[in-house]
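The values are calculated or read from the model by the stated rules, or taken from the named source; none is laboratory data. Since the model is a prediction, treat every value here as computed from it, not as a measurement. Note that we place each Cβ from the backbone using ideal geometry, even for glycine, and neighbour counts take in every protein chain shown. Just the protein is used for accessible areas: all its heavy atoms, side chains included, with ligands, DNA and RNA removed. Shrake-Rupley method; radii C 1.70, N 1.55, O 1.52, S 1.80 Å.
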Amino acid sequence: MLVYVAGNPQAYPIEYYDADSQTYQGVIPGLLREFSAKSRYEIVYYQAGGADGRERLAKNLQVDIVSGYAQGDALPDGAQSATVFHTMQDGQDMAYQLCFTQAAPESLRADLRAFLETVSPERVSGLLIAEAEAPLNPKGLYWGIGGLSLALVLLLTVMILVVRNDRKKLKKARQDLETDDTTGLGNMDYLLRYHRQLINDWNRILYSLVYFYVDTDRLRRLSSGEETDDFLRYCAMILQEYTADTDILARVSERGFVLLKLSGNAQKLDEWFTPVFYRVRAYTQKYNKPFEVNMTAGVYPLEVKDRELDEMIFSAGQAAQMAAREHRDYVICTDGMLEKIEEERQLQADMEQAFAKDEFQLYIQFYVDAHSLKIVGGEALARWNHPQKGLLTPSSFIPLLEREKAISRLDYTCLKKVCGFLEGLLKQQVEVFFVSCNFSRETFAAADFVDRCKEIINDYHFPRELLIFEITESVSTRSMAQIKRNVLALKEYGVQIVLDDWGDGFTSFYDLQKYPVDGIKLDKNLVDDVMTESGKSILKTMIQVGHELDVTILAEGVETEEQVQVLQDLDCDVFQGFRFSYPLPDWEAMDQVLEQLSPRFPKG
Ligand code: C2E
Ligand code: MG
Ligand code: MG
């Protein structure tokens, strides 16, 4: 038997019209469906679209049942009500009801009333929760429930508000729970809900998750909390402008926005990024701010297997931070990159222990005299003897230490070990072996650098001139005045200074005048080019000028006999490279030095 129903299209989640499925959904339709399944009645909703046609349909007796009425609402003429469930509002019991029009057969009224008496309050709560978790429509309103606890909180809100049929208030409550206070965008809960609703196994691979990273720590330091929030709002506005209807944008953390973007391919994404970054970075100029701003992105292209939103956000966030570190606009997550990030994350966790357990080891790579090819000294190079990962070279941990502001700690640790090494040599009566030590820019440019070095060195006995400090070129481009003061103070103290990686970039002969250095180490790139005519000419000039300025010329990265020949012809002074030796643990280097430099004290 057919039963015609006119529903309330706006009484979400009690009863509402779902535009996408073009059906009525909610607690009442759910219950009516159950009733239908257990009886001989077939329920048919009048499809009034989003419009509320109940009055008209009831009046014209085109329906048997009209629903969507709270206790106290005026019922259509001649209609009889049946209570579906009770709820509390302002401490008052409130019944939610549907009405039978005069067209409804008596048997239907009796059967439906009897069915409704069997529906427990728990069953109604369950249906409300289920409805609250289901989409209103895919691109619908703000509202999400992250977990059961949130669902229960919401349920209370629903219970209180829904009986009034007050959809506006309900919507507001939903929005509050899912809105980021600063920017007005949706928050993590909002993103979670839409991710669950919109992204499925069929469409997932069409999307990319883009994490936009803003270094708010830095901004808050440079400006104020308020100015930082202004900038975040500006970013939100720009991002929103470039967010398509098919995409979902949210602010998921203090420093990050996430955009789930129907992306097509990486090329398209690149075009999309260009105006976004341009406009974000224009902020400083546009609002005449005295600080620089930046935003970078990490892109995680979704794969069929990707279901955990948290994991994807984490990866894209890491990629975005990597982009910031490497001064790139964006970085696309790849397996290799993610492995590298994970590796670094683990190393970061192990760093403190590495210092505490003295896991950083001193390695020495020999220098040989360019003419006699005899060992004359060595460069101190750090290695991390990691208990699980084995011996790690600087490229895998120095960037990490720099980021964590722990690089100076390593530099001073190495300096101490070098001093111990030099004192050890002297005790063995080796008096002519010099050791050079690398220092990062941060360490070398610090105002207390010289004092701290002296404090360490003063504890050891060896001729000061055997110790060489290497400054890299990047050191010399920043904090010029302080570096110059440090160089002069160190020279006065008696140690020597060498410019490392010389010729790799912007170092010029002019620098040699600015810093009274004792030597320059020609960068490996120059040495690699020495077999070409132009490379040879450049090196020849460099070495000549260097000698005129009375500095020693060292060549690093010498690997072949041919390079040795040419560099000898060019009158280079000292060589270092795999052609002569690899970096050795300090004790092994010590053994070799004793063997080669002090035949009077053979090993053993
Ligand atoms: P660097 O000071 O330019 O050191 C030379 C690097 O070139 C070393 O790499 C060395 O092993 C490598 N090398 C030497 N000869 C050859 C060769 O013939 N061929 C090739 N391909 N490579 C050669 P390593 O030990 O991996 O060190 C890399 C960089 O890490 C160093 O570059 C230095 O800047 C930095 N570093 C090492 N120890 C420390 C430290 O204690 N503190 C700081 N701040 N930096 C350090
Ligand atoms: Mg070096
Ligand atoms: Mg070097």
**Asked** To the nearest 20 debye, what is the magnitude of the charge dipole of the chain about its Cα centre, counting +1 on the Cβ of each Lys and Arg and -1 on the Cβ of each Asp and Glu?
**Response** 1780 debye
**Message:** Using the Karplus curve 6.51 cos²θ - 1.76 cosθ + 1.60 with θ = phi - 60°, what ³J(HN,Hα) values do you get for each residue of the range 97-104, in whole Hz, with x for Gly and Pro?
**Reply:** 9, 10, 10, 9, 7, 5, 6, 6
**Prompt:** Rg and Dmax of the range 188-344, using alpha carbons, in Å: what are they?
**Reply:** 15.3, 48
**Request:** Provide the per-residue ³J(HN,Hα) series for the range 534-551, in order, calculated from phi with Karplus coefficients 6.51, -1.76, 1.60 and θ = phi - 60°, each as a whole number of Hz, with x at glycine and proline positions.
**Result:** 5, x, 5, 4, 4, 4, 4, 5, 4, 5, 4, 4, x, 5, 4, 8, 6, 10
**Complete:** Of every Cα-Cα pair in the range 307-445, the percentage lying beyond 28 Å is 35 percent
**Request:** Report, to the nearest whole %, how much of the accessible area of the chain belongs to carbon and sulfur atoms, 1.4 Å probe, protein only.
**Result:** 50 percent
**Request:** Treat each spin label as a single point 7 Å out from the Cα along the C-beta direction, and report the Gln482 to Thr182 distance in nm.
**Result:** 2.8 nm
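Please state the relative contact order of the chain as a whole percent: Cα pairs under 8 Å, 6+ residues apart?
8 percent
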**Message:** What is the angle, in °, between the Cα long axis of helix 167-177 and the longest principal axis of the Cα atoms in the chain? Nearest 10 is fine, range 0 to 90.
**Reply:** 20 degrees
**Request:** On a 0 to 90° scale, report how tilted helix 407-427 is relative to the longest principal axis of the chain, with both axes built from alpha carbons and the result rounded to the nearest 10.
**Result:** 30 degrees
**Item:** the range 53-65 - phi-based ³J(HN,Hα) in whole Hz, Karplus 6.51/-1.76/1.60, Gly and Pro as x
**Value:** x, 4, 4, 4, 5, 5, 4, 7, 6, 8, 10, 8, 10
**Asked** Taking amide hydrogens as modeled 1.01 Å from N in the peptide plane, which residues meet the under 5 Å criterion relative to Gly577, leaving out close sequence neighbours?
**Response** Gly557, Val558
**Message:** I need the calculated FRET efficiency for the pair Asp93 and Glu34, taking r as the beta carbon distance and R₀ as 25 Å, to the nearest 0.05.
**Reply:** 0.55
**Asked** Amide H of Tyr45: which non-local residues (sequence gap of 5 or more, or other chain) have their own amide H closer than 5 Å, using H built in the peptide plane?
**Response** Val5
**Request:** Work out the charge dipole of the chain with +1 on the Cβ of Lys and Arg and -1 on the Cβ of Asp and Glu about the Cα centre, then indicate which of Asn203, Ser479, Gln22 is farthest towards its positive end.
**Result:** Gln22
**Complete:** Dimensionless Rg/Rh of the range 296-370, both radii on Cα and Rh by Kirkwood, sits at 1.20
**Message:** With loop defined by DSSP as not H, G, I, E or B, and exposure as at most 10 other Cβ atoms within 10 Å, which is the longest segment of the chain clear of exposed chymotrypsin sites (Phe, Trp or Tyr not before Pro)?
**Reply:** 203-505
**Prompt:** So what does log10 I(q)/I(0) come out to for the range 2-132 at q = 0.21, 0.22 Å⁻¹, using the Debye formula with one equal point on every Cα and no solvent?
**Reply:** -1.40, -1.54
**Request:** Could you work out the Rg to Rh ratio of the chain, with Rh taken as the Kirkwood radius (inverse of the mean 1/r over all Cα pairs)?
**Result:** 1.22
**Asked** Once the principal axes of the Cα atoms of the range 512-604 are found, what is the range along each, listed largest first in whole angstroms?
**Response** 48, 31, 21
**Request:** Counting helices only, and only those DSSP H runs with n ≥ 4, report the 222 nm mean residue ellipticity of the chain as the sum of -39,500 (n - 2.57) divided by its residues, in deg cm²/dmol to the nearest 500.
**Result:** -14000 deg cm²/dmol
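Where nothing but the Cβ of Lys and Arg (+1) and of Asp and Glu (-1) is charged, how large is the charge dipole of the range 358-597 around its Cα centre, in debye to the nearest 20?
740 debye
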**Prompt:** Angle between the Cα long axis of helix 266-281 and the longest principal axis of the chain, 0 to 90 degrees, nearest 10?
**Reply:** 80 degrees
